Amino acid sequence: MIPTAFDYARPTSVDEALRLLAQADDAKVLAGGQSLLPVLRMRLNAPDLVVDLGRIDSLRGIRDIGGGGAVAGGGGAIEIGAMTPYHEILASDEIRQELTLLHHAVAEVGDPQIRHRGTLGGSLAHADPAGDCGAVALALEAEMVIAGPSGERVVPAADFFQDLFTTAVGDDELLVAIRFPVHPGWGAGYQKFVRTAQQWPVVAVGACVHLADGKTISEARIGLTNMGPTPLRARAVEEALAGVTPTPEAVGAACAAAADGTSPPSDLNGDADYRRHLATVLARRAVLAAAGHPQ
Amino acid sequence: MTRIELTVDGAKVSDDVEPRLLLVQYLRERLGKTGTVIGCDTASCGACTVHLDGHSVKSCNVLAVQADGAEVTTVEGLATDGALHPVQEAFHEYHALQCGFCTPGMIMQAADLLAENPAPTEEQIRQGLEGNLCRCTGYHNIVRAVQHAAGTPGTTAAPAADGGAA
Amino acid sequence: MTTTEEAPTAEAAHDGEIGRDRRRKEDHRLLTGRTRWTDNIAPPGTLHLAMVRSPYAHARITGIDTRDAQASPNVVAVLTGADLADTQGVLANAWPITTDQVAPEHKPVAVDRVAFAGEIVAVVVARSAAAAVDAAELVDVDYEELPAALDLKDAAAATPENGGALAHPDLGTNNSARWIFDSAEAGTGGDVEDAIAAARSGGILIEREYRQQRLIPAFMEPRSVVVDPTGEQITLWSATQIPHITRFLLAATTGVPESKIRVIAPDVGGGFGGKLQTTPEEWAAFAVARRLGKPVKYTETRSESLLAAHHGRDQWQKLTLAATTDGTVTGLKVELLADLGAYVALVGGGVPVLGAFMFNAIYKFPAYRFDCRTVLTNKTWTDAYRGAGRPEATFAVERLMDELAAELGRDPLEVRRQNWITHDEFPFTTVAGLTYDSGDYESATAQAVEAFGYEDLRAEQARRREERDPVQLGIGISTFTEMCGLAPSRVLGSLNYGAGGWEHAEIRMLPTGKVEVTTGASAHGQGHETAFSQIVADRLGVPYEDVEVLHGDTQVAPRGLDTYGSRSLTVGGEALALAADKVVAKAKPWAAHLLEAAPEDIEFAHGKFTVAGTGEGKTVQEIALAAFAAHDYPEGIEPSIDAEATFDPVNFSFPHGTHLCAVEVDTETGAVSLRKYVCVDDVGTVINPLIVAGQVHGGLVQGIAQALWEEAVYDDAGTLLTGTLADYLVPSAADLISFDAAHRSTPATTNSLGAKGVGEAGTIASTPAVVNAVVDALRPYGVHDVRMPCTPARVWHAIQEGSAA
Amino acid sequence: MELTHRFTVPADVATTFAAFDDVESVAECFPGAEVTSVDGDAFTGGVKIKLGPISLTFRGEGEFREKSLAKDGSSGRMVLSARGKDRRGNGTAGAEAVVALRPGAARADGGPATDVEVTTDLQIGGKVASIGRGLVQEVSTTMLGRFTDCLEKKLT
């Protein structure tokens, strides 16, 4: 099936793209297109204008931006251009070593063909609650760089995801980059549960933990996927894990709270009760993996 | 209409296309490259897989205008000088196709997989083909064919028209 | 995971073609993208169709406003059911299973009422596919919603009096037909009620209800049809399994003479029964092309395919198995509801009847009763899907045998051994009245058990149970048989089927020595061109490479009954073998004449006629040239050695096999993963082991997919929720393992090849093997059943409920 | 798909009832909705559902099937049904909403309060409902939540 007819623009700079968006009535931004094109083909959307970011070179790439800037943590930070395709992120040694959780999650996105085209920024801006990277951005406490008519602003991941398919990016704005603080010495674990390999996750959990003296969890950050209209932090688990020695029993007990405050959907892949249970199991496994393999 | 210029299976082509035209439709309807087929509307089946600038993509999930300036290789451009690509040979030898509808996409993805990982394990082959559905073979012989092709000289070097594998 | 070479078996040593693992002739064009799919075909000036489909499961059409669509750019016509009413014909049901079957009339384009979501209400014709789709969105249809019959059990119980929803209110009932087989009445066995009564008072009674969920065949090539009405004939290309049946029914229902219709099934991308249909889309395209006098084309999208191409399975089975306390089965009662969907499809009503003869499977049940009702609902119609009726039957009986074993606390293999037909009892007439000609269940099972490492896996299972491992191991068994090679015309006639079951073949000996073969069995991935070449090469003694197999075109191969029910080899292949024998017989007088010898002195071997006792001879290919020239040949015979043959077997064929599956069940998440799968199938003589193994692998996965992943789901308004391949879960390579698929051979006695058919075997056998394994893993948790597909959520809930009980 | 929303309004039942009775005012709360005509208890209009990847415009009609307000103000109930179809023919939507009003606990300032319960049976049909993990259903649920949130704010 073919999409409805639309006008097409292919700006070469962010400013040009923003001008196009400002003038347009009903525009859709095309990043990698791996979620947008099926929607257009199904005619669930019929925009007047499609603004293709594919020719804006500045939106692509992985940059070490050092320890300064807005990102806290002291371990430095890595900025990923919004239009960087998954496979480039996956191929980056820097990401594998410094942002292991992101590496794990990106490896699980879609399938190889989708990872060749799909972009990190595109998926975060799409804000599908079943997307792999939203929960990871939350757990890693990433910051979103949003460009708009009046310049750039930086929004913490926690404020970025507002509702189902709804982010802090306005109609006349663009997500241009994602900044990830680097946490040396933290371990990472990603658990994605699917019925078939290329499916969206039924539930996924991303965990990163820091072990004090290599033995006790001093701090943990847990992101949940598809447990509500937006990706979520499992704060209750994070609190319960502080000071815990990561044995399966202790971690399991802490992760019993993984579904607290969530509102998971019920669909053909599982009812809400099942998802709540799954979150506790996957959280335990993700945390144990993270604690067992500190960087 | 938007003007696009690209290289398809080694030949330069240019056309005015509607922006909404999918790459796979451009290949099939405008260029007659009917070896690449359409199996679904949600980028689930992978039957339309081609190489775009050396990487496998689902050509039903890319607009033709997005391929402007790119090099595209379809299953029709995979054989060189009349000799089948090692993956094509292996599919024949190991009976890795039945109705053949998924085959062009499966072959293109397998070729991409081997370009990125010349010596994959069975597990890696299966994961690498997760975006391609086949309804006939149960994948058993497809996996064996790819295992066999992995050991064949010439598999890992992507064909010239491919623009080189990254 | 194991990768095992397919058993080379004794045939590999054969010096002829039969039994050789020839690489396929079909492959080259498929590997290089030179394939001729229907969607690749576009005669000059082809117009494109888009279908406007009903969003409602059941509604009256109160108005269709086509003005905006007509005015849309490049639109040629917008045609409603009313516009086409006189010319579009009807979609026929070829198998009314009872004389009083209730069946609604099925117009290709709905005229005043729609009976399922997805039914066509208008056809837009435009100069491009995009323009047609654009305009289809502008067709404004007003509907008045009607109560929809959706749930199978509710629909079966609905009457005008109780106010239940009726799929077709004018019919006054949803019950289409009731079909009963009772062994006491048929004289093939005892009275099952006696067996049940005895079991109730001092034996074992297993009562279960199983749901065969609705599946979607999901062939990879979406359906496509091109109709060219220019010239003297109307040519219809279609992605169909049944070009011959399509031509016959087009003629019969539209009034166009059959001789004026040519149907071509070019390369067809899979079918699995899903393209064993005459479709509204074909009929509509045919009507539109005739009306406009222009070639037209329609290719469905995947979402249209999932919505409107026929579905399969969808039964409720209520089962009562009676046994003695020593484990001997004394009777089986089957009460079955089958969901037809909104219309009685081509052979849809007969699908459960195909299962009726198979519930007793490989066992010597002394009493049996089968009672089924086919039921109309406001959902997509159902019809054959790989196995058609037999997977449902096999699932039920193989699940029951496991339940019986569990009840007895015995190994399920032992209980099967106790009840099955032994190899020295063939031919064996079953309680369902079929005569199984050959088989050896003991040997197949023994081979499978050994390859599987049955005892080791049972030991591992015990260990994991002991250790309360969160990941439990389950072992599933399925010892199946099926009736296939759908054929004997007299039997089909006795079941009220509308056609015969013969198959036709023709061999044309070309002057250059090439052999042109036509078959009425039209392939869609099965490798007919290869396997049939092997048969002909063997029988005629000509090089395999010299044989060209033509099929799928009613002008090239005018007689045929097409491909389904694992019939191509056993019926179509045999027809070819017979035709080849006729060629040899016809060539013999030529040879005698040319060699100046008496016909009785001529011997034929390896393609050459020789005079006994001399080295002198003529090949059959040389004789073909002589027949072409026809300068010198005996008086009284025709100048041709071409031959044709039609074969109609006297019985079905009965492949069988033993399938063993091990699964790991993560009791924390409910996830089921395949650990090992071993099968030993007896499909009779194997023409090409490579092709046979491929058929088994593919069949296995379709059956496994029913057990674990696939289900067509409707919401309570009759909207299909699994309308894309992102929602209807067809597994990928990453979800599966390699299989250990071997075969044995006890030749069939019903055809000279000894072949039994293999297309459906894997699908029929694997579903119960997997579900038995899942349940086996969970028995310690109090689980006795998990409804298919065994999703992680269902498995997890079953554990919670079982453990709580 | 049945969805229930509950909230409390700082007004008596009769006042709250009157607020609900004003279709045009109520419609303002549904993002993208507009009422094009009102005729007694019947009305016509449209709603543009625009959320993330989805953008669909439904047009249709609705009516109050039932309106009852107890004379003593002890309860109010209205049943509103609406149905429409997507402008592009890709889907249908039908909804029946039951609004039940009961006197709530008196407010801190002693003023009256009304407990509102809105139970909506929402049915999305056609192609849009068949695709992508029930995406459109999820979107509809979200939109309905936003609608009742807005109503709550508007009336309180």
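The values are calculated or read from the model by the stated rules, or taken from the named source; none is laboratory data. This one's a predicted model, so the numbers in the text were calculated from it and none came from an experiment. Glycine also receives a Cβ, built like all others from the backbone with ideal geometry; neighbour counts cover every protein chain displayed.
What to note about this one:
- Failed criterion for C:Thr246 (all others in (1) more than 28 Å from C:Ala156 (Cα to Cα); (2) touching a Gly at 6+ places or on another chain (Cβ under 7 Å) hold): (2)
- Identification of helices (runs of 4 or more DSSP H) wholly contained in the stretch A:190-295 with 1 or more residues that are farther than 23 Å from C:Ala726 by Cα and touching a residue at least 60 places away in the same chain (Cβ under 8 Å) yields A:272-292.
- Considering the stretch C:371-399, and only residues there that are touching a Ser or Thr at 6+ places or on another chain (Cβ under 9 Å) and hydrophobic (A, V, I, L, M, F, W, C), the residue that is surrounded by the most Cβ atoms within 10 Å (Cβ to Cβ) turns out to be C:Phe395.
- If you go through the stretch C:506-542 and keep only what is more than 25 Å from the chain's Cα centre (by Cα), over 22 Å from C:Gly19 (Cα atoms) and in a loop (DSSP other than H, G, I, E, B), you end up with C:Leu510, C:Pro511, C:Thr512, C:Gly513, C:Lys514.
- Flag if C:Gln695 is polar (S, T, N, Q), more than 14 Å from chain D (Cβ to nearest Cβ) and touching a Leu at 6+ places or on another chain (Cβ under 7 Å): no
- Condition met for C:Thr554 (surrounded by 19 or more Cβ atoms within 10 Å (Cβ to Cβ), closer than 30 Å to C:Gly759 by Cα and at pLDDT below 95): no
- Here A:Asp26 fulfils each of the conditions (1) within 14 Å of another protein chain (Cβ to nearest Cβ); (2) modelled with pLDDT of 95 or more apart from (2).
- Residue within the stretch B:133-142 that is over 14 Å from the mean Cα position of the chain (by Cα), on the phi > 0 side of the Ramachandran plot and within 12 Å of chain A (Cβ to nearest Cβ) present: yes
- Only listed residue being among the acidic types (Asp, Glu) and either within 16 Å of the chain's Cα centre (by Cα) or within 26 Å of C:Thr38 (Cα to Cα) (or both), chosen from B:Glu29, B:Glu5, B:Glu93: B:Glu29
For every residue, the table says whether it meets (1) closer than 23 Å to C:Ala156 by Cβ; (2) not in a helix (DSSP H, G or I).
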position	(1), (2)
C:Gly327	no, yes
C:Leu337	yes, yes
C:Gly349	yes, no
C:Met358	yes, yes
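- Selection count, the stretch B:36-58, where residues are within 15 Å of C:Asp39 (Cβ to Cβ) and either over 10 Å from the mean Cα position of the chain (by Cα) or part of a helix (DSSP H, G or I) (or both): 6
- Of the residues in the stretch A:109-130, at least one is free of Cβ contacts under 8 Å to residues at least 12 places away in the same chain and outside the structural domain of A:Ala283 (by TED's automatic domain parsing).
- Checked against the criterion of being assigned to a helix (DSSP H, G or I), in contact with an Asp or Glu (Cβ under 8 Å, 6 or more places away or on another chain) and crowded, with 22+ Cβ neighbours inside 10 Å, the stretch C:712-734 has at least one qualifying residue.
- The residue that is surrounded by the fewest Cβ atoms within 10 Å (Cβ to Cβ), counting only those in the stretch A:133-171 that are assigned to a strand (DSSP E or B) and within 14 Å of chain D (Cβ to nearest Cβ), is A:Gln162.
- Among the criteria (1) more than 14 Å from chain B (Cβ to nearest Cβ); (2) in a loop (DSSP other than H, G, I, E, B); (3) not polar (S, T, N, Q), the one C:Ala645 does not fulfil is (2).
- The stretch B:70-100: number of residues that are touching a Pro at 6+ places or on another chain (Cβ under 9 Å), facing another protein chain (nearest Cβ under 7 Å) and under 15 Å from B:Thr34 (Cα atoms): 3
- Every residue from the stretch C:253-279 that is away from every other protein chain (no Cβ under 14 Å) and within 30 Å of C:Leu215 (Cβ to Cβ): C:Thr253, C:Val263, C:Ile264, C:Leu276, C:Gln277, C:Thr278, C:Thr279
- Qualifying strands (runs of 3 or more DSSP E) (wholly inside the stretch C:35-152; at least 1 residues being within 11 Å of another protein chain (Cβ to nearest Cβ) and within 28 Å of C:Val713 (Cβ to Cβ)): C:47-53, C:59-65, C:120-126, C:140-145
- Top-ranked residue in the stretch B:65-80 [being part of a helix (DSSP H, G or I) and over 13 Å from the mean Cα position of the chain (by Cα); ranked as nearest to B:Met108 (Cα to Cα)]: B:Ala67
- Going through (1) within 30 Å of D:Arg133 (Cα to Cα); (2) surrounded by 23 or more Cβ atoms within 10 Å (Cβ to Cβ); (3) within 8 Å of another protein chain (Cβ to nearest Cβ) one by one, B:Ala67 falls short only on (3).
- Only one of the numbered conditions (1) closer than 22 Å to B:Cys134 by Cβ; (2) within 11 Å of chain C (Cβ to nearest Cβ) is not met by B:Thr49, and that is (2).
- All of (1) hydrophobic (A, V, I, L, M, F, W, C); (2) assigned to a loop (DSSP other than H, G, I, E, B); (3) buried (at least 20 other Cβ atoms within 10 Å of the Cβ) hold for D:Ala108 with one exception: (3).
- Of all residues in the stretch B:81-138, those being without any contact (Cβ under 8 Å) to a residue 12 or more places away in the chain and either within 13 Å of C:Leu31 (Cα to Cα) or part of a helix (DSSP H, G or I) (or both) number 8.
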